Amino acid sequence: MTMDQVGSPAELAGLLDRHGYLCDEGLATACFLALRMGRPLFLEGEAGVGKTELAKTLGRALGAPLIRLQCYEGLDASQALYDWDFPRQLLHLRAAEAAGVSDVSRLEGELYDRRFLLARPLLQALETSPSVLLVDELDRADDEFEAFLLEVLSDFTITVPELGTIRAERPPVVVVTSNRTREVHDALKRRCLYHWLEHPSYDREVAIIRRRLPDAAERLAGQVARAAQRMRETDLLKPPGVAESLDWTEALVALGVRDLDPGTAAVTLGAVLKYREDQQRVLGGDGAAGLAALLGGG
């Protein structure tokens, strides 16, 4: 299905559902409007709530390749946009010299031909139609890169001095994510449609686990979801997201577990809690008693 064929938020939610992603009405509406209005979708929320997975599923649902730009401190324009393939240029230069080419102007022009240009994610997205561009964890990048990204997203054009301006035939679907480790500037947010992703409700989390891991027993999915919900109410350094719930369930399924008990929970806790302090807090003074309280009611 193409972007133009998606007729409503409900239809988009159904399409994502068929590809394994369960979203609520608010997220489906924000995503649908981003498609219809041609605006980037800016997703904020805790790590593991499904921001990145939405972009991946959207690409599969629309039959468009996903092009991912993973942000990090020190990321600059050349790493995100394009670079020249200097080793190939040097080989071309040596081959021309060996062949006795004496036309310097012609040789210089050939060195900056499109074939020697290495397209990085932003340029790849502009040259690929249709495509889904995922700018992941923008909050990890520097302010300077954020300003540069805003310029690119404003008109979806890139200027390469040696080649001229490259304009997207059809702008990509853009999903920008942030874990809110710092505030992203208002100028970029104004360019986007914004949506905050909450942790799912208990029922929705059970449904997500069952959808993604059909081999998991219904009771097990409920126990994992209930434990994850209670962990999020605890003062942890890194509360588990849906991603961790799925990891934990997958580990339990691999062990053949159908009913989660405190002992099994204790030895598999590393699949859901990735900080020693968090594991100690959940286990408490008496590990079995702490986990029994966490799993209670299932």
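The values are calculated or read from the model by the stated rules, or taken from the named source; none is laboratory data. Not measured: the values here are computed from a predicted model. Don't worry about glycine lacking a Cβ; one is built from the backbone with ideal geometry, like all the others, and counts go over all protein chains shown. Keep in mind that these areas ignore ligands, DNA and RNA; they rest on the heavy atoms of the full protein, side chains included. Shrake-Rupley method; radii C 1.70, N 1.55, O 1.52, S 1.80 Å.
Every listed requirement among (1) touching a residue at least 60 places away in the same chain (Cβ under 8 Å); (2) over 12 Å from the mean Cα position of the chain (by Cα); (3) open to solvent by 70 Å² or more (accessible area, probe 1.4 Å) is met by ALA98 save one, (1).
In region 242-258, is there at least one residue being open to solvent by less than 10 Å² (accessible area, probe 1.4 Å), touching a Gly at 6+ places or on another chain (Cβ under 6 Å) and over 17 Å from GLY296 (Cβ atoms)? No, there is no match, as no residue in region 242-258 is open to solvent by less than 10 Å² (accessible area, probe 1.4 Å), touching a Gly at 6+ places or on another chain (Cβ under 6 Å) and over 17 Å from GLY296 (Cβ atoms).
Every test in (1) among the aromatic types (Phe, Trp, Tyr); (2) assigned by the TED database to the domain that holds GLU144; (3) over 18 Å from the mean Cα position of the chain (by Cα) is passed by TYR21 save one, and that test is (3). Name the residue, out of GLU108, GLU73, that is modelled with pLDDT under 90 and either over 30 Å from LEU153 (Cβ atoms) or open to solvent by 40 Å² or more (accessible area, probe 1.4 Å) (or both). None of the others qualify; the one that does is GLU108. For beta carbons closer than 9 Å, sequence separation of 6+ or different chains, a first residue in region 45-61 that is closer than 16 Å to GLU205 by Cβ and a second that is at pLDDT 95 or above and basic (Lys, Arg), the qualifying pairs are GLY45/LYS51.
Pick from region 36-51 the residues that are aliphatic (A, V, I, L, M) and at pLDDT below 95: which of them is farthest from the chain's Cα centre (by Cα)? Spell out how you get there, then give the answer.
Kept after step one, since they are aliphatic (A, V, I, L, M), are these residues of region 36-51: 37, 41, 43, 47, 49.
If we keep only those that are at pLDDT below 95 as well, we get 37, 47, 49.
On the way: MET37: 21, ALA47: 10, VAL49: 10 Å.
Among those that are aliphatic (A, V, I, L, M) and at pLDDT below 95, it is MET37.
Count of region 263-278 residues, restricted to those that are open to solvent by 40 Å² or more (accessible area, probe 1.4 Å) and touching a residue at least 24 places away in the same chain (Cβ under 8 Å), is 5.
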